[in-house]
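The values are calculated or read from the model by the stated rules, or taken from the named source; none is laboratory data. In this text, all values refer to a predicted model and were calculated from it rather than measured experimentally. We place every Cβ from the backbone using ideal geometry, glycine too, and count neighbours over all the protein chains shown. Accessible surface is based on the protein model in full, side chains and every heavy atom, while ligands, DNA and RNA are left aside. Shrake-Rupley method; radii C 1.70, N 1.55, O 1.52, S 1.80 Å.
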Amino acid sequence: MGDRAIQTADMPKEWRTRKVRTRALNKRLSYVRRHWMLLAMVVPGMLYLFINNYLPMFGIVIAFKDINFAKGIWQSDWIGFDNFAYLFQTQDAWVITRNTILYNGAFIILGTVIAIFVAILLNEVKNRFFSRLYQSIILLPYLISMVIVAYLVLALLNEENGYMNRYVLPLLGLDPVSWYSDAGKWPYILTLVHLWKTVGYSCIVYLAAIVGINQEYYESAMLDGASKWRQIRSITIPLITPTITIMTLLAIGRIFSSDFGLFYQVPLNSGALQPTTDVIDTYVYRGLMTFGDFGMSSAAGLYQSVVGFALVLFTNALVRRKNRDLALF
Amino acid sequence: MKSNPVYVFAVHAAFVAMSIAALFPFLLLVAASFTDEQAIIEHGYALIPERFSLDAYAYLFSNSVMIMRSYGITAFITVVGTTLGLLITTLIAYPLSRNILPFRSFISFFVFFTLLFQGGLVPFYLVYTDLLHMKDTIWALLLPNLLTNGFFILLMRSFFSLSIPGEVVESAYVDGANELTIYYRIVMPLALPGLATIGLMLLISYWNDWYNGLIFINDGTLFSIQNLLNRMLADVQYLQQNNLSGQAAAATSVPISTVRMAIAVIGVLPLIAAYPFFQKYFVKGLTIGAVKG
């Protein structure tokens with residue numbers, strides 16, 4: 001051991017570093033060789049993510065090209081920001097951005113308030129059987145696909161046969177409504193459908209936070225004669241505020257991407273409803289699948305990816321400041 | 001702890017109202033599927049059928065080729081997709097949970113970055129159609145949902161590092177077991193609750209998937225049940241045009257408005273019927289999913 005150290009010290013400096021480097025490399029190689037099996041196990045997953053996720057990331061360059069399938073994607077001409085220039089010249093870019101943000105904003109605010117309300121209420125059901133039962137029932141809509149939801153909404157809103165036009169509106173003495181061509185009503189309809197589908201889910205998250213609150217707080221509050229309302233306001237809400245903050249920030253990070261199924265399936269892809277139901281995701285889809293307009297569609301898609309990415313980084317930095325453990329990174 | 005009975009009653013009443021709101025559309029759907037077609041034309045979809053009828057289901061069963069095939073496609077992608085998805089997820093998640101994995105931080109980042117940035121629909125579509133030539137193949141229904149992104153991998157990794165005792169793995173290692181043996185002999189059996197949870201989420205996402213079929217499948221023989229439902233939403237005649245091989249006589253009196261509802265019932269029934277049995281795992285999956293991300 002000592003011998004070798006002296007030998008190394010005697011060598012010219014250049015050799016020495018090279019030797020140290022080679023030795024470090026050899027050590028690293030033998031380490032990899034020793035754990036090759038563990039390393040081999042991650043290959044299928046990484047290969048999959050490379051194809052399914054990373055190739056499309058490289059594919060964002062399409063937005064800067066004039067796609068011509070005769071030439072092939074890679075040989076198509078570069079056109080710089082032309083696709084973006086077209087996109088932002090139209091009214092469309094503004095409409096879809098506005099719709100996406102307004103819908104998601106309403107979903108975040110209403111969804112959070114209602115979910116907290118339901119979670120607090122659910123925590124008041126002391127009978128375990130009923131608590132489970134109610135929870136399962138309000139969670140049921142979360143389980144089903146948006147296609148089925150579209151059928152359910154159709155049964156309610158169909159112009160000729162729908163339950164609203166046949167039973168509810170006559171009962172209220174109102175005239176039938178042409179739901180699927182009246183764009184002005186859809187912000188309310190889609191918000192209702194979204195809440196109906198997701199409240200069960202978000203309520204579970206808040207319920208988990210409420211259940212975690214130390215019961216002693218409530219016991220001593222009751223000894224002091226605090227009312228139910230007072231306990232909720234002064235114990236429950238303040239103690240679940242961290243959860244509320246984190247959930248809200250994470251949702252804001254995703255405000256630029258919307259639930260495609262909700263906006264595509266539920267309005268039955270109706271053109272008449274587009275002014276109020278078109279969001280970035282449906283716009284990109286229609287551009288690609290209906291018009292085959294790769295330029296415009298990929299430009300809108302990249303616009304969404306980049307702003308979405310920036311928002312995620314930004315909100316994550318905020319979450320990190322609040323609570324390191326809950327930050328994504 | 002005593003509670004005011006009026007208060008208890010009010011809480012229960014609120015939940016009964018919410019339960020009705022959650023279930024009402026389903027009840028309407030089921031009722032409509034059992035109603036006589038003429039009664040629907042006269043009275044609309046009603047909660048209590050004006051005239052009870054099994055015509056819609058009789059029609060579905062007499063023209064069941066397409067529906068059965070769609071069911072077959074859905075069952076196939078659900079079983080194969082969930083199995084493969086679980087396999088690949090755990091194969092990458094388990095090494096990531098071990099700190100001896102070479103290049104661990106790079107691999108973690110590689111997985112994690114897929115959660116942050118997406119290429120978007122157009123490049124995704126071109127990868128599967130132009131590069132892999134999977135348009136109108138069963139692969140297009142199977143592959144895109146396999147991992148979706150790195151989310152389940154990260155969940156499973158945390159599950160492994162929390163629930164698999166390091167000493168157990170170490171002692172097996174000392175006894176001469178190799179990593180693959182440790183993975184399927186020790187780690188997988190210990191991780192059953194986690195596997196059940198992630199497997200259930202995968203299963204539901206495959207059963208409910210209509211998106212991949214919408215963008216990649218035009219060939220009706222490859223439609224999953226969700227895609228068939230989706231197509232019938234846009235075009236009520238779809239089943240009729242594609243199903244009646246020479247039985248034109250039946251076409252004159254297809255109970256369209258009820259058949260539509262009956263097929264939606266068939267599409268959602270297996271999931272709802274199984275719901276009470278997997279509810280516990282479903283709730284668990286949603287909660288762990290929400291805590292991190």
Checklist outcome for this item: Among A:I116, A:I62, A:I109, the single one that is facing chain B (nearest Cβ under 8 Å) and β-branched (V, I, T) is A:I62
Item to check | Matching residues, the stretch A:202-258, being farther than 23 Å from A:R321 by Cα and in contact with a Gly (Cβ under 9 Å, 6 or more places away or on another chain) | outcome: A:S202, A:S257
Next on the checklist: For a quick check of your reading of the model, give me the residue pairs whose first member lies in the stretch B:270-282 and is more than 10 Å from chain A (Cβ to nearest Cβ) and more than 16 Å from A:Q135 (Cβ to Cβ), whose second is open to solvent by less than 40 Å² (accessible area, probe 1.4 Å) and among the aromatic types (F, W, Y), with beta-carbon atoms closer than 8 Å and at least 6 apart or on different chains.
Outcome noted: B:P270/B:W207
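Which is of a type outside the set (F, W, Y), open to solvent by less than 10 Å² (accessible area, probe 1.4 Å) and without any contact (Cβ under 8 Å) to a residue 40 or more places away in the chain, of A:I109, A:I148? Explain how you work it out, then say what you get.
Values: A:I109 fails: open to solvent by less than 10 Å² (accessible area, probe 1.4 Å).
Answer to the selection: A:I148.
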Checklist outcome for this item: Those residues of the stretch B:127-144 which are open to solvent by 20 Å² or more (accessible area, probe 1.4 Å) and within 27 Å of B:A191 (Cβ to Cβ) amount to B:L143
Checklist outcome for this item: Exception for A:G80 within (1) within 14 Å of chain B (Cβ to nearest Cβ); (2) in contact (Cβ under 8 Å) with a residue 12 or more places away in the chain falls at (1)
Next on the checklist: Quick check on the stretch B:102-112. Is at least one of its residues at the interface with another protein chain (Cβ under 7 Å from one of its Cβ atoms) and part of a loop (DSSP other than H, G, I, E, B)?
Outcome noted: yes
Checklist outcome for this item: Result of the Cβ filter at 8 Å on the stretch B:8-27, keeping first residues that are without any contact (Cβ under 8 Å) to a residue 60 or more places away in the chain and at positive phi and partners that are surrounded by 15 or more Cβ atoms within 10 Å (Cβ to Cβ) and of a type outside the set (V, I, T), at least 6 apart or interchain, is none
Checklist outcome for this item: Across the stretch B:178-204, the tally of residues that are surrounded by fewer than 17 Cβ atoms within 10 Å (Cβ to Cβ) and more than 30 Å from B:V168 (Cα to Cα) stands at 0
Checklist entry - Can you tell which of A:I96, A:I60, A:I138 is in a helix (DSSP H, G or I), buried (at least 19 other Cβ atoms within 10 Å of the Cβ), touching a residue at least 60 places away in the same chain (Cβ under 8 Å) and not assigned by TED's automatic domain parsing to the domain that holds A:M296? => result A:I60
Checklist outcome for this item: Within the stretch A:286-313, the count of residues that are open to solvent by less than 20 Å² (accessible area, probe 1.4 Å) and of a type outside the set (S, T, N, Q) comes to 8
Item to check | A:I96 vs. criteria at pLDDT 90 or above and facing another protein chain (nearest Cβ under 8 Å) | outcome: no
